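Shown next, in structure tokens, is the structure this report addresses.
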Amino acid sequence: MTTVTRLRRLLVTLPSDRMGGTEKHTAELCMRLAQKGLTVMLAADPALHAALARPGLALAPLATTAAMLADHAPDAAFIPLPWPDAGHAILPGLAEMRLPRLVLLHLAPDAPPPATAPAMGLEGAVVAAVSVPVARRAETAWGLPPGRVTVLDNPAPPPSMLDRAVARAAIRSGLGLPPDASLLLFLGRLEEVKGATLLPEISARLPVTLAVAGDGPLRGMLDSAAASDPRRLLRMLGSLADPAPWLRGADALLMPSRLEGAPLVFLEAAAQQCPVVATPAALEALGGAAGSLARLAETADAAGMAAAAQAVLDDPAAAAAMAARAAAHAARLTWEGAVTQALALLRAAVPAARRAA
Amino acid sequence: MTGLSIGAAELAEIERGAPAIVLAPGMSLPPAPPLLPLLLRDGALARPGASGPALPMPRWCRLLAIYAPTEQAAEPLRPMLPAGLPVVTTLPALLTLMAEALARAETAAQAAEAARDALKRALAGAPPAPKPVLDLAPAGPATLPARQPLGRPAEGLCSLAVHVAAPGGGLGLRLLAGGRVLGQWRVPGAVLDAGWLVLDLPEPAPPSPAEAVLDISGEGEAALSASVEGPLALRAWIAGPGWSALPRWFDWSAAGAPAPTPGLPLPVGAAQLATAKLEPGSAELVAVGEEAPRLLLTLPPGEARLRLSGLLPGPADLLRLVLSCPEAVPGLAAALTVTGMTAHHLPWRPVERRMELALPLPAGPTLDLALALRHAADGAATVELSWLALAVGAEGAPRPAPPAQTLVAAAAAPRVAVGMPMAAATLVAPGWRTGPPAPRLTVAGPGAAIEAAPRPEMPLAPLGATSFQDVAVNQHLVNTEGTYRHLDIGLSGLVSGGGLWRQLRFKLFDRRGVIGLEFREMKGWPQMFDAWPTGGIDNFGPFWRLETEDTPARLTALRTPHDRALIAALVEVLPDVARAAAQAASLSMADADAWMMRARALAEAVSTARSGG
């Protein structure tokens, strides 16, 4: 007769040095796993603890694998990775202990396979990624057979309850714009990979205000560009505590990214029914559906993005229909579904670890 | 005696069997549970020093005696108390009185049992003949499934007959009355011929005013006949006490069960899943946190077979299972066979990431399941049996009841006059679960008949454990904006160390993230509280809500210990109740988990409020 293996203590090791989408998703997912009766210990850089704090979540500093295993005595481990090589210090040690473990990769570059597959310690682990393209790139980067990496979809926020007219008026008023002025929005880390370098030229090509929210290494360059913009159409907002009203009130969100995993900002915009203008690379995770859920730039440069943005502004009805389709897509990606999937992967990690023993 | 009241908490103690005496002024007793001492003050009986809401003294409530220093000291109390109460003046006399009352109660119970057995034995040699009460001739075909009301109470029914128009598959028949299954039959197709099919009950149906309803489902080409009047072609007979039969194709496991809710799944529990065997390969039960375990199957390359034996179908008609693949498994396919008296089979079909299979159940007291799996992966593959449940099939198309003039005017089923100390004795065959078993007796004083109030005895629970008997869903509602949703839940048989509550009704709601319970005082809702907690009032009448906001303030509305015990017990089982209700409402597993989480959030809020946190 079969006995029950019950996983009660989950060690989560987050090898990140800054707070972004991966880290926010990890904290939210861990909080919800804790609500399912798991004792969750999230080990991360202490500098991130304040931002990672969630009800029911215990936080600890990252330490050596042996020390964390000794301190927390977990039944299983969950290792979210912001980049393919981020887990090289943790994974081999967990593999040696034959602990049931789930690895989740959030982003991976499109790179040729390495000459020698790295020893990642993935034997006996359940490996997942946030999108199909990231999953395939993970298999390439880690020398895994095709189909070895499964997909754990990012969840979307719940549908918006904000009044669109009120949000539109409020954010335009805050910018000193007329109530009927067109407004484009960028929301994300101000760095090269997010396409932030293109923002000044995109703005220069369009006769509408482009509000830029976020922070990052390109902040200084963008502040200078905004200050020197004679039309004052490039506006810097800084980091937003609550981007929801901006997404609800903007005419479109720009995503000029060069690389994305499963971008949470797209799902946030979709939940607010904000039309999205993006490079194909930004929405690679959507596969063939990207073209119906967002306006894709024909070229991944400022000219392509500006032309696509102008097309959205010129046809509000088509933009609204596209945003509605995106909202329906996002509505299917719930936290309940993500947690259900994560629990299934954790359960599968038990026989996977046994097979590797 | 006019206008006598009694404390709600004290009444609850007497209901649970505590003997109660009235203390004359100035008298006291050392604590001697279960003895309940009462003082009469301002027309209400209550424990010395107790304060709380009082209720009118019900007729069934019996007092043991008046405890006074002398007979004269008891006189001022008599006008307010039931007539004929004895007066005891010493403790030894009081104890003797208690012992005598307990012995009488025990003797009466034994006498009632003996009388019932004697009656059945006396009649067994010459059982009464059944009398026909319904005869509708066949006139044309009828479609299945069907739900046929019989147009008369179920009381006394001993046999039914349906007319088989075309044999071609098995038949499933279920006789219901008053929310209970009186009998269930599964007739295999191989034994069916065209013509009348007679089905017996093991004993005549017990007294009940509830109308008898016959649910019928068929397999394959099986068809029944309808009558010219519209209902199915039917015959029915009644018989008096003493009639019995060994019924063919009778499903003993379903008899006496609550009437099944169409579509309600009955998940196979972990204990039974643990007996499943996968060959070749391995099966293990895995759970995360507090969830129910799932069966994880490790399949070697090629084909494997999972076997699970001894499933008891009860009232279920369908088997449903969900397979899911946490990781992609190339070429995964499944085939399913369920074997009873015959075998039903689902051929090979590909399995994507998640697949639900459903298969009607064959006839048979127990069923064996065989799930075949194959895949094309190079190495071992993991597949999860996420859910395995038996379910009651859809309700049949309703048919008209037989017109009154078609009912045979038979004399009432003869009753044998036997002097019995208890009123309304019910003949109950061993193993015949008509519903609540043995009545509870209340200890009473001399001169008052020991009242065998037919109060159901709730399932035994360990001391301090909280449990409930049944969950029904009245409504699942989500508003169009998605900002409000509720489950309107009926709960029966809630029992805890603090009390027993037969029927509850409440809404578990989520209003923009605020979780709560809503109780109403209105028609259609059972009386749940000793003292209605002060809440609000709207177009539908008074209501009281217990929410995750302002929880401590809301709890202060509960005025009696019994009512506080009710909420404590309900909150303790609320996550399980919420999950069962969500499943009964055919919500997805994710939604069921969400409702359970909402219930858990409310339970935590109440626990924090009660602990002063």
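The values are calculated or read from the model by the stated rules, or taken from the named source; none is laboratory data. Computed from a prediction, not measured in an experiment: that's the story for all the values here. Reconstructed Cβ throughout: ideal geometry from the backbone, glycine too, with neighbour counts over all protein chains shown.
Report the residue count in region B:595-613 for those that are of a type in the set (A, V, I, L, M), within 13 Å of chain A (Cβ to nearest Cβ) and surrounded by fewer than 21 Cβ atoms within 10 Å (Cβ to Cβ). Of the residues in region B:595-613, 3 are of a type in the set (A, V, I, L, M), within 13 Å of chain A (Cβ to nearest Cβ) and surrounded by fewer than 21 Cβ atoms within 10 Å (Cβ to Cβ). Checking each residue in region A:30-84 for being away from chain B (no Cβ under 14 Å), farther than 16 Å from residue A:103 by Cα and of a type in the set (Gly, Ala, Ser) picks out A:47, A:50, A:51, A:53, A:58, A:60, A:63, A:66, A:67, A:70, A:73. Of the candidates A:51, A:34, A:60, the single residue that is closer than 30 Å to residue A:187 by Cβ and without any contact (Cβ under 8 Å) to a residue 24 or more places away in the chain is A:34. Of the numbered criteria (1) among the β-branched types (Val, Ile, Thr); (2) within 10 Å of chain A (Cβ to nearest Cβ); (3) under 30 Å from residue B:178 (Cα atoms), the one residue B:275 fails is (3). The residues in region B:192-231 that are of a type in the set (D, E, K, R) and under 24 Å from the mean Cα position of the chain (by Cα) can be counted, and the count is 3. Exactly one residue out of B:564, B:520, B:502, B:579 is of a type in the set (D, E, K, R) and within 14 Å of another protein chain (Cβ to nearest Cβ): that is B:579. For residue B:288, the test of being more than 28 Å from residue B:128 (Cβ to Cβ) and touching a helix residue (DSSP H, G or I) at 6+ places or on another chain (Cβ under 6 Å) is passed.
State yes or no: is residue A:155 crowded, with 20+ Cβ neighbours inside 10 Å, of a type outside the set (Asp, Glu) and within 14 Å of chain B (Cβ to nearest Cβ)?
yes
Residues in region B:38-70 that are surrounded by 12 or more Cβ atoms within 10 Å (Cβ to Cβ) and under 15 Å from residue B:93 (Cα atoms) were compared, and the one that is farthest from the chain's Cα centre (by Cα) is B:69. Exactly one residue out of A:301, A:242 is under 20 Å from residue A:200 (Cβ atoms) and either touching a Pro at 6+ places or on another chain (Cβ under 6 Å) or surrounded by fewer than 23 Cβ atoms within 10 Å (Cβ to Cβ) (or both): that is A:301. Contact map, region B:332-355: residues that are in contact (Cβ under 8 Å) with a residue 60 or more places away in the chain paired with residues that are in a strand (DSSP E or B) and aromatic (Phe, Trp, Tyr), Cβ distance under 8 Å, separation 6+ or inter-chain. No pairs are found. For region B:282-310, a tally of residues being surrounded by fewer than 21 Cβ atoms within 10 Å (Cβ to Cβ) and more than 8 Å from chain A (Cβ to nearest Cβ) returns 9. Scanning region B:373-400 for residues that are part of a strand (DSSP E or B), crowded, with 20+ Cβ neighbours inside 10 Å, more than 14 Å from chain A (Cβ to nearest Cβ) and of a type outside the set (A, V, I, L, M, F, W, C) returns no hits.
Counting only helices (runs of 4 or more DSSP H) that sit completely within region B:496-613, those holding 3 or more residues that are under 30 Å from residue B:17 (Cβ atoms), under 21 Å from the mean Cα position of the chain (by Cα) and not β-branched (Val, Ile, Thr) correspond to B:561-584. Confirm whether residue B:533 is buried (at least 19 other Cβ atoms within 10 Å of the Cβ) and of a type outside the set (A, V, I, L, M). In short, yes.
The helices (runs of 4 or more DSSP H) falling completely within region A:291-357 that include 2 or more residues that are within 14 Å of another protein chain (Cβ to nearest Cβ) and closer than 23 Å to residue B:587 by Cβ map to A:316-331, A:335-356. Can you find, within region A:191-222, the residue that is farthest from residue A:309 (Cα to Cα) among those that are buried (at least 22 other Cβ atoms within 10 Å of the Cβ) and under 19 Å from the mean Cα position of the chain (by Cα)? Restricting to residues being buried (at least 22 other Cβ atoms within 10 Å of the Cβ) and under 19 Å from the mean Cα position of the chain (by Cα), the top hit is A:214.
Filtering region B:504-522 to residues that are more than 15 Å from residue B:581 (Cα to Cα) and of a type in the set (A, V, I, L, M, F, W, C) leaves B:514, B:515, B:519, B:522. For region B:322-346, filtering for residues that are within 25 Å of residue B:260 (Cβ to Cβ), surrounded by fewer than 21 Cβ atoms within 10 Å (Cβ to Cβ) and either within 14 Å of chain A (Cβ to nearest Cβ) or within 32 Å of the chain's Cα centre (by Cα) (or both) leaves 8.
Please go through (1) more than 14 Å from every other protein chain (Cβ to nearest Cβ); (2) surrounded by 17 or more Cβ atoms within 10 Å (Cβ to Cβ); (3) at pLDDT 90 or above for residue B:370 and return the number of the only condition it doesn't satisfy. The one condition residue B:370 does not meet is (2). Only one entry in A:7, A:11 is of a type outside the set (Val, Ile, Thr) and more than 8 Å from chain B (Cβ to nearest Cβ), namely A:11.
Just one of (1) in contact (Cβ under 8 Å) with a residue 60 or more places away in the chain; (2) out of contact with any His (no Cβ under 7 Å at 6 or more places or on another chain) fails for residue A:154. It is (2). Among the strands (runs of 3 or more DSSP E) confined to region B:264-343, the ones with at least 3 residues that are in contact with a His (Cβ under 8 Å, 6 or more places away or on another chain) are located at B:333-339.
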